[in-house]
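Engineer: Next up is a structure, given as structure tokens.
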């Protein structure tokens, strides 16, 4: 089954420069198809059913051509993990030319120090806050009003301040900052997205978690909100498909969260898939440096077993 769907399978373990999403090493699997290399990288806590959506994206990218592309480069936002203010400048240097900064936050007290530091470096930065669904509706309203009072209109949006749609509906009319939905989209696949403007102002689209190009466009059309394409912490191979997704929308594209290879110790692509002058070129990439980040034999077995289970789910679903 692995050779049928995922030839040249390679499992990688790439260290991160800073802890991100609670991890210090990113594990993914790469394989080659008729149309090039692809990536399968659901986070380790995701069950097989959710991982199957990621595998559908990986298979589509490997074995089918890319969609029509409307541009050959994509603007990139800088991405700050939850870090101390003194670490901000060093991380921002990894995103040369970026004019938008996405800041992971968990409260107002610590997050405001980071925002202050970012604006001290460049007062013209557009700021995006990302809460990863970490607040209750009450905390979201309180914290976001504090951010607005402290910093004014520097915020383009806050990403997923709360987990549920009911909470987002309570928060949205109470704050002067627009809301972008991420988890409310990718964790609710198949539930429908009618009247989504009641909950959010922007839709965050991610190539793998939504199931690939075709699925992402179908979801975007159903939601009917302006989109921002972001990453799922992929290598340059996966990022290349995220860039293609961003390039496949004919309307003007906002800065995308696809510069996250800068958070890795290195990339399997050479040159690394990093921003230059605020942009990354849209092109298929190959993992020429796979040997540098090979996972241990134990982790390879784990991923192979996981992939087989995921492929079996997909096969059963297509019967």
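Engineer: Tell me which residues, restricted to the range 197-209, are surrounded by 20 or more Cβ atoms within 10 Å (Cβ to Cβ) and either closer than 11 Å to residue 181 by Cβ or touching a helix residue (DSSP H, G or I) at 6+ places or on another chain (Cβ under 6 Å) (or both). Let's see the steps before the verdict.
Structural biologist: Of the residues in the range 197-209, the ones surrounded by 20 or more Cβ atoms within 10 Å (Cβ to Cβ) are 199-200, 202-209.
Residues satisfying the conditions are 199, 200, 202, 203, 204, 205, 207, 208, 209.
Engineer: Follow-up question, since we're still on this one. Taking residue 212 as meeting all but one of (1) under 14 Å from the mean Cα position of the chain (by Cα); (2) under 20 Å from residue 129 (Cα atoms); (3) surrounded by 23 or more Cβ atoms within 10 Å (Cβ to Cβ), write down the number of the exception.
Structural biologist: For residue 212, the exception is condition (2).
Engineer: Consider residue 288 carefully, then state whether it is at pLDDT 95 or above, in contact with a helix residue (DSSP H, G or I) (Cβ under 8 Å, 6 or more places away or on another chain) and more than 19 Å from residue 206 (Cα to Cα). Please lay out each step first, then the result.
Structural biologist: On the way: at pLDDT 95 or above: yes; in contact with a helix residue (DSSP H, G or I) (Cβ under 8 Å, 6 or more places away or on another chain): no; more than 19 Å from residue 206 (Cα to Cα): yes.
The answer is no for residue 288.
Engineer: Something else now. Among all residue pairs at least 6 apart or on different chains, which show Cβ distances below 6 Å where the first residue, located in the range 192-208, is outside the structural domain of residue 58 (by TED's automatic domain parsing) and the second is in a loop (DSSP other than H, G, I, E, B) and crowded, with 22+ Cβ neighbours inside 10 Å?
Structural biologist: 204/182; 206/232; 208/232
Engineer: Looking at the range 274-298 only, could you name the residues that are within 15 Å of residue 13 (Cα to Cα) and crowded, with 16+ Cβ neighbours inside 10 Å?
Structural biologist: Answer for the range 274-298, where residues must be within 15 Å of residue 13 (Cα to Cα) and crowded, with 16+ Cβ neighbours inside 10 Å: 287, 289, 290, 293, 295.
Engineer: Consider residue 244 against the criteria (1) under 16 Å from the mean Cα position of the chain (by Cα); (2) surrounded by fewer than 16 Cβ atoms within 10 Å (Cβ to Cβ): it satisfies all of them except one. Which criterion is unmet?
Structural biologist: Tallying (1) under 16 Å from the mean Cα position of the chain (by Cα); (2) surrounded by fewer than 16 Cβ atoms within 10 Å (Cβ to Cβ), residue 244 fails exactly one: (2).
Engineer: Given 15, 42, 7, which one is in contact with a strand residue (DSSP E or B) (Cβ under 8 Å, 6 or more places away or on another chain), assigned by TED's automatic domain parsing to the domain that holds residue 307 and part of a loop (DSSP other than H, G, I, E, B)? Let's see the steps before the verdict.
Structural biologist: On the way: 15 fails: part of a loop (DSSP other than H, G, I, E, B); 42 fails: in contact with a strand residue (DSSP E or B) (Cβ under 8 Å, 6 or more places away or on another chain).
None of the others qualify; the one that does is 7.
Engineer: Still on this model: Are there any pairs, at least 6 apart or on different chains, whose C-beta atoms fall under 6 Å, with the first in the range 209-222 and in contact (Cβ under 8 Å) with a residue 60 or more places away in the chain and outside the structural domain of residue 40 (by TED's automatic domain parsing) and the second in a loop (DSSP other than H, G, I, E, B) and surrounded by fewer than 23 Cβ atoms within 10 Å (Cβ to Cβ), and if so, which?
Structural biologist: 213/67
Engineer: Criterion first (modelled with pLDDT of 95 or more, in contact with a strand residue (DSSP E or B) (Cβ under 9 Å, 6 or more places away or on another chain), in a strand (DSSP E or B) and crowded, with 20+ Cβ neighbours inside 10 Å) does residue 177 satisfy it?
Structural biologist: Details: modelled with pLDDT of 95 or more: yes; in contact with a strand residue (DSSP E or B) (Cβ under 9 Å, 6 or more places away or on another chain): yes; in a strand (DSSP E or B): no; crowded, with 20+ Cβ neighbours inside 10 Å: yes.
The answer is no for residue 177.
Engineer: Then there's this: Among 254, 306, which is in contact with a strand residue (DSSP E or B) (Cβ under 6 Å, 6 or more places away or on another chain) and surrounded by 15 or more Cβ atoms within 10 Å (Cβ to Cβ)?
Structural biologist: Numbers: 306 fails: in contact with a strand residue (DSSP E or B) (Cβ under 6 Å, 6 or more places away or on another chain).
Criteria check complete, one pass: 254.
Engineer: I would also like to ask the following. Do we have residue 262 as at pLDDT 95 or above, assigned to a helix (DSSP H, G or I) and either in contact with a helix residue (DSSP H, G or I) (Cβ under 7 Å, 6 or more places away or on another chain) or surrounded by 15 or more Cβ atoms within 10 Å (Cβ to Cβ) (or both) here?
Structural biologist: Criteria met by residue 262.
Engineer: Can you tell me which residues in the range 182-202 are outside any loop (DSSP other than H, G, I, E, B) and more than 13 Å from residue 156 (Cα to Cα)?
Structural biologist: At the first step, the residues of the range 182-202 found to be outside any loop (DSSP other than H, G, I, E, B) are 183-186, 196-198, 202.
Within the range 182-202, 183, 184, 185, 186, 196, 197, 198 qualify.
Engineer: Could you give every pair whose Cβ atoms fall below 8 Å, whose first residue belongs to the range 45-56 and is more than 18 Å from residue 213 (Cβ to Cβ), and whose second residue is in a helix (DSSP H, G or I) and modelled with pLDDT of 95 or more, counting only separations of at least 6 or pairs across chains?
Structural biologist: 46/54; 48/306; 48/309; 48/310; 51/306; 51/310
Engineer: Same structure, new question: Out of the residues in the range 153-171 that are touching a strand residue (DSSP E or B) at 6+ places or on another chain (Cβ under 6 Å) and surrounded by fewer than 21 Cβ atoms within 10 Å (Cβ to Cβ), state the one that is nearest to residue 227 (Cα to Cα).
Structural biologist: This residue is 155.
The values are calculated or read from the model by the stated rules, or taken from the named source; none is laboratory data. This structure is a prediction, so every number in the text was calculated from the model and none was measured. Positions of Cβ are generated from backbone atoms using ideal geometry, with glycine treated the same way; all protein chains shown enter the neighbour counts.
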